[in-house]
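The values are calculated or read from the model by the stated rules, or taken from the named source; none is laboratory data. Treat the numbers as computed from the prediction; the structure is a model and nothing was measured. Positions of Cβ are generated from backbone atoms using ideal geometry, with glycine treated the same way; all protein chains shown enter the neighbour counts.
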């Protein structure tokens, strides 16, 4: 990330470590004066490796841990710097990343706006191959959309990230999304314990909606937002999936193209597009065992698999379900697809990626069931919408919905997108 993109978006709250560096380290030792001068400086992305080398040479365990801690807290900055990451041993790299992933894994949700209108300058009029239904989470026709046409109201209510505290059974605000971050029709996922937000819809000077190519990421270790390399192609209603240390931006409104992001070089590149007539919008996507899977939309019975090594999309066995799917997630080697019906509630079917067979799983009776999105935390899949969160337990001997339904943040507005972040034990 260059200087124009690595600076934080918005202020850093009190009590957090600034993303630019750790405070100066004070040590009493028998080091040479030049070493003492070096150790009195703040730890930064530029000097963290030299400080680590000095600390190990002098046997300064506390300073060594501070350096590893800085690299962990600012992992993406370190990853992109060959002068730092390229000089770390394999063991040190594992130590830095492992430290970043240590802590409390918590269910988190982000408030987002769902698009109702097509982006200006789309690829053309709807056709049989390109027109898709709206996102399953979009408001129903005639339903009011919060802040959709009132920019002042939208600014007054800032979008938040909430996390669920299992110990207190309460939601708390973790961060505020900067105004620059578009959530309307954006894709979200986590990678290396960063939350990435890509694409979406923004308004131009005339007030028309247009697709965005912007990409932002949130670092829960520093509570800082930063901007990453833009997408190659502006897109909304895309799916963003993390797999094998990369991000994949899949499809979008009237788009079949797919991009892959390499965080080591902060760069997007094109990969094989979705087959023509597949899922231009209203699709679900997930990663399982190093492969991407895409399904959903009106072609609810269809499942596509992307083999990253061969760079090809392939058809998987069809699903017999004819219900409307709301989301799809993976746990171990199994893909779970959640279908929702206001009359029948929620039905789960699963696809075993090893034996390549679909099976029915479980159902949950729910009056006036509404679409939701899912996040996997341990042996549990959380199915979250604005009003409630269902809990689907995945165990070796059985799969079932728990009767307990969790409440969602009372102050949340818009649609809730769930994901999992790892927080420090002290947070």
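With the requirement that a residue be loosely packed, with under 13 Cβ neighbours inside 10 Å and either in the same structural domain as residue 417 (by TED's automatic domain parsing) or under 28 Å from residue 417 (Cα atoms) (or both), what does region 70-100 give you?
98
With region 11-90 as the region, which helices (runs of 4 or more DSSP H) entirely inside it contain at least 1 residues that are modelled with pLDDT of 95 or more and more than 30 Å from residue 177 (Cβ to Cβ)?
48-58, 61-73
For residue 255, are the conditions met, namely being touching a strand residue (DSSP E or B) at 6+ places or on another chain (Cβ under 7 Å) and in contact (Cβ under 8 Å) with a residue 24 or more places away in the chain?
no
Please work out if residue 270 is exposed (fewer than 15 other Cβ atoms within 10 Å of the Cβ), modelled with pLDDT of 90 or more and either in the same structural domain as residue 214 (by TED's automatic domain parsing) or touching a helix residue (DSSP H, G or I) at 6+ places or on another chain (Cβ under 8 Å) (or both).
The answer is yes for residue 270.
Conditions first: (1) out of contact with any helix residue (DSSP H, G or I) (no Cβ under 6 Å at 6 or more places or on another chain); (2) part of a loop (DSSP other than H, G, I, E, B); (3) in contact (Cβ under 8 Å) with a residue 60 or more places away in the chain. Residue 217 passes all but one, so which condition is the exception?
(2) is the only condition that residue 217 fails.
Could you check residue 302 against (1) in contact (Cβ under 8 Å) with a residue 12 or more places away in the chain; (2) farther than 22 Å from residue 113 by Cα; (3) assigned to a loop (DSSP other than H, G, I, E, B) and say which number it fails?
Just one mismatch for residue 302, condition (3).
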